[in-house]
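Below is one structure, written out as structure tokens; comments come after it.
The values are calculated or read from the model by the stated rules, or taken from the named source; none is laboratory data. Fair warning: this is a prediction, and the values are worked out from it, not measured in the lab. Methodologically, a virtual Cβ is constructed for each residue, glycine included, from the backbone with ideal geometry; neighbour enumeration extends over all protein chains shown. Note: accessible area is taken over every heavy atom of the protein model, side chains too, but ligands, DNA and RNA are not part of it. Shrake-Rupley method; radii C 1.70, N 1.55, O 1.52, S 1.80 Å.
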Amino acid sequence: MIIKKVYFALGLLILFFLNACKKDTINEPEIPEEIPTAVTYPNYSNLKIGNYWIYQRFELDGSGGETALAIIDSCFIEKDTLINGNTYFKYVSPNFGVNISPSVNTPFVAEFFRDSLSYIVSSMGRIEFSSQDFTTIFYSFYGVAGPNDTVCRAEAQMKDQNISITTPAGTFVTSNFKETQYMYPNYTMNGAIKYRSRRYAENVGKITQDWYLFSQVPTRWERRLIRYHLN
């Protein structure tokens, strides 16, 4: 009889501990695995086949005066193509380059660009613009007029973030891929520091672009957006 009572007491004790263990069990909610989201960046290039931008050239005399030239530059995206495994877009525009007069119509040239994160990159690996990186100096060089004649030291960096610019096409909030030229003493007659700008607006593209600078003259030239079409 005593043995039965002992077994009965042990049974009650075991049941008590089992219930206690059950009460201590906590059913935690399932936490879903965190899935990283892709980072997207503002579109400043609008690299899409069929998009085009029309610009007019302007001459600025260095004292605040400016003259609209009767030269219209049509720039457009002709096609896309694979280069080294990446898709680039063929951007066709009248040449706005060095050793060509800015006061005459110029032949068309083709360049290839793609978007890479916040950057616009050429097929040559050159950074053309960034919507986010305002600290990196993207390139630097020395301008020379001869083997022993340095004209300037130049460097390019993103500047003038979210500055409003007005052109014949309207007013745009822009950021500037800006080249700064620090002139050497023999070439400071028109300023010790000169700037060459290339301004872009989000969801539009390039708004203005400066011609290459001439150290001997105060005049500079730029093309300004007058209309555009985006697909």
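Mind listing whichever residues of the stretch 48-67 are closer than 21 Å to Tyr195 by Cβ, assigned to a strand (DSSP E or B) and open to solvent by less than 70 Å² (accessible area, probe 1.4 Å)? Spell out how you get there, then give the answer.
Quick first cut of the stretch 48-67, residues closer than 21 Å to Tyr195 by Cβ only: 55-67.
Then keep just the ones that are assigned to a strand (DSSP E or B); that gives 55-60, 66-67.
Matches in the stretch 48-67: Tyr55, Gln56, Arg57, Phe58, Glu59, Leu60.
Please tell me if Tyr182 is over 23 Å from the mean Cα position of the chain (by Cα) and either open to solvent by 60 Å² or more (accessible area, probe 1.4 Å) or not charged (D, E, K, R) (or both).
yes
Within the bounds of the stretch 129-149, is there any residue that is out of contact with any Ser or Thr (no Cβ under 7 Å at 6 or more places or on another chain), within 22 Å of Tyr52 (Cα to Cα), modelled with pLDDT of 95 or more and not acidic (Asp, Glu)?
Yes: the stretch 129-149 contains one or more residues that are out of contact with any Ser or Thr (no Cβ under 7 Å at 6 or more places or on another chain), within 22 Å of Tyr52 (Cα to Cα), modelled with pLDDT of 95 or more and not acidic (Asp, Glu).
For Met189, are the conditions met, namely being of a type outside the set (Gly, Ala, Ser), open to solvent by less than 60 Å² (accessible area, probe 1.4 Å) and free of Cβ contacts under 8 Å to residues at least 40 places away in the same chain?
On the way: of a type outside the set (Gly, Ala, Ser): yes; open to solvent by less than 60 Å² (accessible area, probe 1.4 Å): no; free of Cβ contacts under 8 Å to residues at least 40 places away in the same chain: yes.
Against the criterion (of a type outside the set (Gly, Ala, Ser), open to solvent by less than 60 Å² (accessible area, probe 1.4 Å) and free of Cβ contacts under 8 Å to residues at least 40 places away in the same chain), Met189 does not qualify.
Using the structure shown, decide if Thr166 is part of a strand (DSSP E or B), open to solvent by less than 30 Å² (accessible area, probe 1.4 Å), without any contact (Cβ under 8 Å) to a residue 60 or more places away in the chain and not small (Gly, Ala, Ser).
Working: part of a strand (DSSP E or B): yes; open to solvent by less than 30 Å² (accessible area, probe 1.4 Å): no; without any contact (Cβ under 8 Å) to a residue 60 or more places away in the chain: yes; not small (Gly, Ala, Ser): yes.
Judged against the criteria, Thr166 is not a match.
Quick check on my filter: what residues within the stretch 132-155 are assigned to a strand (DSSP E or B) and under 30 Å from Phe76 (Cα atoms)?
Applying the first criterion (assigned to a strand (DSSP E or B)) to the stretch 132-155 yields 137-146, 149-155.
Correct list: Ile137, Phe138, Tyr139, Ser140, Phe141, Ala154, Glu155.
How many residues are surrounded by fewer than 17 Cβ atoms within 10 Å (Cβ to Cβ) and acidic (Asp, Glu) if we restrict to the stretch 86-122?
Residues flagged as surrounded by fewer than 17 Cβ atoms within 10 Å (Cβ to Cβ) and acidic (Asp, Glu) within the stretch 86-122 amount to 1.
Given the structure, is Gly50 on the phi > 0 side of the Ramachandran plot and touching a residue at least 60 places away in the same chain (Cβ under 8 Å)? If you could, list the steps in order and put the result at the bottom.
On the way: on the phi > 0 side of the Ramachandran plot: yes; touching a residue at least 60 places away in the same chain (Cβ under 8 Å): yes.
Yes.
Could you please tell me which pairs satisfy a Cβ distance under 8 Å, a separation of 6+ or placement on different chains, a first residue in the stretch 144-158 that is without any contact (Cβ under 8 Å) to a residue 24 or more places away in the chain, and a second residue that is open to solvent by 50 Å² or more (accessible area, probe 1.4 Å) and assigned to a strand (DSSP E or B)?
Gln157/Ile137
Could you list, in sequence order, all residues of the stretch 185-223 that are of a type in the set (S, T, N, Q), within 30 Å of Ile77 (Cα to Cα) and in a loop (DSSP other than H, G, I, E, B)? Give the derivation first.
Here is the first cut: in the stretch 185-223, the ones of a type in the set (S, T, N, Q) are 186, 188, 190, 197, 203, 208-209, 215-216, 219.
Narrowing further to those that are within 30 Å of Ile77 (Cα to Cα): 197, 203, 208-209.
The answer is Asn203, and nothing else.
Looking only at the stretch 169-179, which residues are among the β-branched types (Val, Ile, Thr) and surrounded by fewer than 18 Cβ atoms within 10 Å (Cβ to Cβ)?
Within the stretch 169-179, Thr171, Val173 meet the criteria.
Which residues, taken from the stretch 49-88, are closer than 25 Å to Val204 by Cα, of a type outside the set (D, E, K, R) and touching a Pro at 6+ places or on another chain (Cβ under 7 Å)?
Residue satisfying the conditions is Gln56 alone.
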